[in-house]
Amino acid sequence: MFNELFFKDKPKWKFIENNYGNDNGLDSTDMETFKKDPIASLARESCQNSIDAQKNENAVLIQFKVFYMNTKDIPGINDLINEITECRNSNIEGSRQYIQFNNMLEYLKNKSIPCLRISDFNTKGLEGVQSNSRDKAFYRLTKGNGQTTKENGINGGSKGIGKFASFVNSQIQTVFYSTLNMNNERGFFRNF
């Protein structure tokens, strides 16, 4: 079902070059913020974003569902493993980063892995799917840091770092986003 829902065509991982930009490690300050209580942080940040995107007077419904996926069925699994291997090998053997990437590779040797799908209903969805505009929610959630589209004083959160609560809860620090917004635009994005 996961493959059918999110990947109608053959999936292809796209690992974007840094091009001399900022180089954030796996233990960035944004990640550390949520490590003290990762599950509570994930619930709080996910629910806050969904409630802030309420479509009308109907209550927002948020569903948390755990399912297991055969590792071999992860779209583009070999590309993902190759990229994690490259990341590991770009670090000094035995360093904290090297060990973290190596742990991800070991984790992907499991026959299946648990996945968590967080769905919300009666929300607006993420605007800016087609335009990928920097001032829209889709861009800011998937690519922005320290940016928000929330109006001060009206909605919770304003720094745009809540998304990192999801990464803290992922053994391979990988999150898939999917949205269907009020303009009937569908969008999918994978963050690693």
Query raised in the report: For the subset of segment 44-56 comprising residues that are surrounded by 17 or more Cβ atoms within 10 Å (Cβ to Cβ) and not hydrophobic (A, V, I, L, M, F, W, C), which member is farthest from I118 (Cα to Cα)?
Result: D52
Report summary line: Counting only helices (runs of 4 or more DSSP H) entirely within segment 49-151, those with at least 1 residues that are over 19 Å from M182 (Cα atoms) are 77-89, 96-107
Requested in this report: For segment 57-73, state whether one or more residues are modelled with pLDDT under 95, surrounded by 15 or more Cβ atoms within 10 Å (Cβ to Cβ) and either in contact with a Leu (Cβ under 8 Å, 6 or more places away or on another chain) or not aliphatic (A, V, I, L, M) (or both).
Outcome: no
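Okay, residues lined up against (1) of a type in the set (K, R); (2) at pLDDT below 95; (3) under 17 Å from the mean Cα position of the chain (by Cα); (4) within 29 Å of N49 (Cβ to Cβ):
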{"site": "L80", "(1), (2), (3), (4)": "no, yes, yes, yes"}
{"site": "S90", "(1), (2), (3), (4)": "no, yes, no, no"}
{"site": "E93", "(1), (2), (3), (4)": "no, no, no, no"}
{"site": "R96", "(1), (2), (3), (4)": "yes, yes, no, no"}
{"site": "M104", "(1), (2), (3), (4)": "no, no, yes, yes"}
{"site": "L108", "(1), (2), (3), (4)": "no, no, no, yes"}
{"site": "Q130", "(1), (2), (3), (4)": "no, yes, no, yes"}
Requested in this report: Only residues that are loosely packed, with under 15 Cβ neighbours inside 10 Å, assigned to a loop (DSSP other than H, G, I, E, B), at pLDDT 65 or above and of a type in the set (A, V, I, L, M, F, W, C): list them for segment 152-192, please.
Outcome: M182
Query - Search result, residues across segment 97-106 that are over 16 Å from G76 (Cα atoms) and surrounded by 12 or more Cβ atoms within 10 Å (Cβ to Cβ) - result: Q97, Y98, I99, Q100, F101, N102, N103
Query raised in the report: Does S41 satisfy the condition of being part of a helix (DSSP H, G or I), surrounded by 13 or more Cβ atoms within 10 Å (Cβ to Cβ), of a type in the set (S, T, Y) and out of contact with any helix residue (DSSP H, G or I) (no Cβ under 9 Å at 6 or more places or on another chain)?
Result: no
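The values are calculated or read from the model by the stated rules, or taken from the named source; none is laboratory data. Just so we're clear, the structure is a prediction, and the values are computed from it rather than from any experiment. All Cβ positions, even for glycine, are placed from backbone atoms using ideal geometry, and neighbour counts span all protein chains on display.
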